[in-house]
1. Any chance you could count how many residues in region 193-219 are open to solvent by less than 60 Å² (accessible area, probe 1.4 Å) and either in contact with a His (Cβ under 9 Å, 6 or more places away or on another chain) or part of a loop (DSSP other than H, G, I, E, B) (or both)?
2. Within region 118-134, which residues are of a type in the set (D, E, K, R) and in a strand (DSSP E or B)?
3. From the list ASN489, ASN421, ASN442, which one is more than 25 Å from ALA320 (Cα to Cα) and part of a helix (DSSP H, G or I)?
4. Of the numbered conditions (1) touching a strand residue (DSSP E or B) at 6+ places or on another chain (Cβ under 8 Å); (2) at pLDDT below 90, ILE206 fails exactly one; give the number of that condition.
5. Just give me the residues in region 35-48 being touching a helix residue (DSSP H, G or I) at 6+ places or on another chain (Cβ under 6 Å), among the hydrophobic types (A, V, I, L, M, F, W, C) and either assigned to a helix (DSSP H, G or I) or surrounded by 24 or more Cβ atoms within 10 Å (Cβ to Cβ) (or both), in sequence order.
6. Taking the stated definitions as given, is GLY51 open to solvent by less than 10 Å² (accessible area, probe 1.4 Å), over 29 Å from THR456 (Cβ atoms) and at pLDDT 95 or above?
7. Taking region 232-274 on its own, how many of its residues are of a type in the set (A, V, I, L, M, F, W, C), more than 17 Å from the chain's Cα centre (by Cα) and assigned to a helix (DSSP H, G or I)?
8. More than 30 Å from ARG465 (Cα to Cα), open to solvent by 10 Å² or more (accessible area, probe 1.4 Å) and either touching a residue at least 40 places away in the same chain (Cβ under 8 Å) or of a type in the set (Val, Ile, Thr) (or both): which single residue out of LYS87, LYS64, LYS68, LYS58 fits that description?
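The values are calculated or read from the model by the stated rules, or taken from the named source; none is laboratory data. Just so it is clear, the model here is predicted, and its values are computed rather than measured. Cβ placement follows ideal geometry from the backbone for every residue including glycine, while neighbour counts extend to all protein chains displayed. Heavy atoms of the whole protein, side chains included, go into the accessibility calculation; ligands, DNA and RNA do not. Shrake-Rupley method; radii C 1.70, N 1.55, O 1.52, S 1.80 Å.
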Amino acid sequence: MSKNTKSYFVTTPIYYPDEIPHLSAGYATIMADCCARYRRMVEDSVHLITGSDEHGQKVQEAAKSHRKTPQEFVDRMVRDFITAWKKLQISYDDFVRTTDDRHIQIVENIFEKLLEKGDIYTGEFSGWYCIECETFWPESMVERKRCPRPECRHSVKRVKEQGYFFRLSKYRNQILDYLEKTPGFIKPEECMKNTIDTLRGELEDICITRKGPIWGIPVPSDPDFKIYVWLDALLNYIAAVGYGSDEFEKYWPADIHIIGRDMVNFHTIIWPAICFALEIPLPGTIFSQGWVISGGKKISRSLHGSTNLVEIVDEFGSDALRYYFLREVSPGDDLEFSIPRLTSRFNNQLANDLGNLFRRSISMTIKYCDGMVPERGKLGSRERNLARVFKEVKKEYKKLMDKLEFREALISLWDLVGELNRYIDNKAPWDLYKKEDKEELNTTLYTLMDYLRIITVLVMPFVPRTAIKMWRRLGFRDILRKKKFDSVNIGLFPAGQTVKMQSPLFPRIETMENG
C-alpha cells in the first residue's frame, strides 16, 4: 500500500489525562505543530493529530481519588489539554480520545483480527506490574520492588493472572532487520542504537489485557478481560485516520511520530511489531524528544512534573514559550527550562532583533512615505548582497526544516534579520530623506518591506500569533497559514500597499534587574 505522496501525517504523543499538562507535553506538541505548520507550506495535504490516552488502572485510581467516575474524570481533564493546546496555538486537525467510539470499534476489530490470526493467544502472567507506567515486568528485570525504567523507579506490584498475550517475539528478527536496513527510522541516533541493543537480547511476548474491574475496552469475545493500555493506546495512530477506510489510504503511513523519551521502546519495538502483524507499512520516522529539565529534575508524566504549562503561557505568552523551546536546543537534546533563559531569548532575539527591525522599518515608511510602500528603484551593491544572503538562508532554512532541525533553522533565519538591521544602519534612510535622494530612499524602504514579508512567512511556524500580527500590519489581508514556500521570493511586495504601526510586537519582559 502506498499513500498520496503529497500528503503528510504527523502525530504527537497522546497524553495521560491524569494530571494537568506539563512542560514536556508542551515541548513535544510544539515540535509537532512547528513541523506541521512548515509542512503545510510545502505539501498539498497535512494532517496533525494529538489526543489523550484515557484507559488504565492509573487513570481509574486518579478518578477515584477525585470522587469521579473514570469517564467524568477524563472528560474534565481532556478539557485542560484542549485549553492548553488552544493557548499554545497548536493547529491540530484531530484530537483523538481512546474513549471515542471510533477508536474503540477499531481496537475491538483489530484485537479479534490478531486473535484469529494467532498473533494473540491466552496464557498466564506472573511477575511485576507498574501502575505508574502501565507496564508488566518479568521477575528477572525487577530489583527491590522498583520499576526498572530509570525514568520511573516507582514501586511495582506482584501479579499473577490469566491474560491475552501478543506474540512480540515472533517479530523480533523482522524488526531488527528493518532497523538495520532503515537508517533514520528512529531519531536521535542514540535511541536507534538502544533499540537495536534491546532487540539483540531476549524479547518476550507481552500481556495485553488485565482481568477484573479495570477501566478499559473489554475483549469483545471475553469481556471479563480489558484490553491493556499499550495495545489500546498505540492503535490511536491508525484509528485517527480511519483504519481500513479511504482516508487511511490517503495518510498512512505516518511520516513522523513525535514521542516522549520515556515512550521509546513502546513505539520502536511494540508498535512496529503490531504494524507487521497488521501488514501495514511502518511510519517514516519515530522521533524522541529530549527531556525538559527544571531544577535538575526531568519533567514528565512518570515523574509528576509540577511546572504548570498553562500558567507559564498565561504569564509570558504562547510565542515566548514556543520560541524558547524551538530555539534553545536542538530537538532530541535535553532542555533545561529556565525563566531567565526564556526572558533573555525573548528580549534579545524577538524584542531587540526582530521586533526592533519591524518597528524601525514600518515607522520610517510611515514617516517618509505616509505608510505607503513605494516602488522599488535601482538596486545597488547592498541590495545585491542582501539577495545573496537571502538565497543562502532560504536554502538552509528548507534543508534544516525538512530534517526537523528547528534551532538551526531559526539561527539561519536570524542571519537575515541581522543583515537587515545592518542594512538599515548602512543605508541610513534618515540621511537619504534629508538629502532628498528619493529613488535611493524608495529602494531602501521597499527592500525592507519586501524582506519583512519573507521573514513573516518563514517565522510563522515558530511564532504564529505574532506572525499574523506582522502580516496584518504589513497590509496583507489573505490568510498567512495558507502561504506556500514558493511565495518566499524577493520583489513580490505590492507597491502602493499601506502599512501601519501599532503596539510593539514583542513587549519586553521586565525582570527584577530591569523592572
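1. Residues flagged as open to solvent by less than 60 Å² (accessible area, probe 1.4 Å) and either in contact with a His (Cβ under 9 Å, 6 or more places away or on another chain) or part of a loop (DSSP other than H, G, I, E, B) (or both) within region 193-219 amount to 9.
2. Once the filter is applied, which keeps residues that are of a type in the set (D, E, K, R) and in a strand (DSSP E or B), region 118-134 yields only GLU124.
3. Criteria check complete, one pass: ASN442.
4. Every listed condition holds for ILE206 apart from (2).
5. Answer for region 35-48, where residues must be touching a helix residue (DSSP H, G or I) at 6+ places or on another chain (Cβ under 6 Å), among the hydrophobic types (A, V, I, L, M, F, W, C) and either assigned to a helix (DSSP H, G or I) or surrounded by 24 or more Cβ atoms within 10 Å (Cβ to Cβ) (or both): MET41, VAL42.
6. Values: open to solvent by less than 10 Å² (accessible area, probe 1.4 Å): yes; over 29 Å from THR456 (Cβ atoms): yes; at pLDDT 95 or above: yes.
Judged against the criteria, GLY51 is a match.
7. Of the residues in that region, 11 qualify.
8. Details: LYS87 fails: more than 30 Å from ARG465 (Cα to Cα); LYS64 fails: either touching a residue at least 40 places away in the same chain (Cβ under 8 Å) or of a type in the set (Val, Ile, Thr) (or both); LYS68 fails: either touching a residue at least 40 places away in the same chain (Cβ under 8 Å) or of a type in the set (Val, Ile, Thr) (or both).
Of the residues listed, the single one that is more than 30 Å from ARG465 (Cα to Cα), open to solvent by 10 Å² or more (accessible area, probe 1.4 Å) and either touching a residue at least 40 places away in the same chain (Cβ under 8 Å) or of a type in the set (Val, Ile, Thr) (or both) is LYS58.
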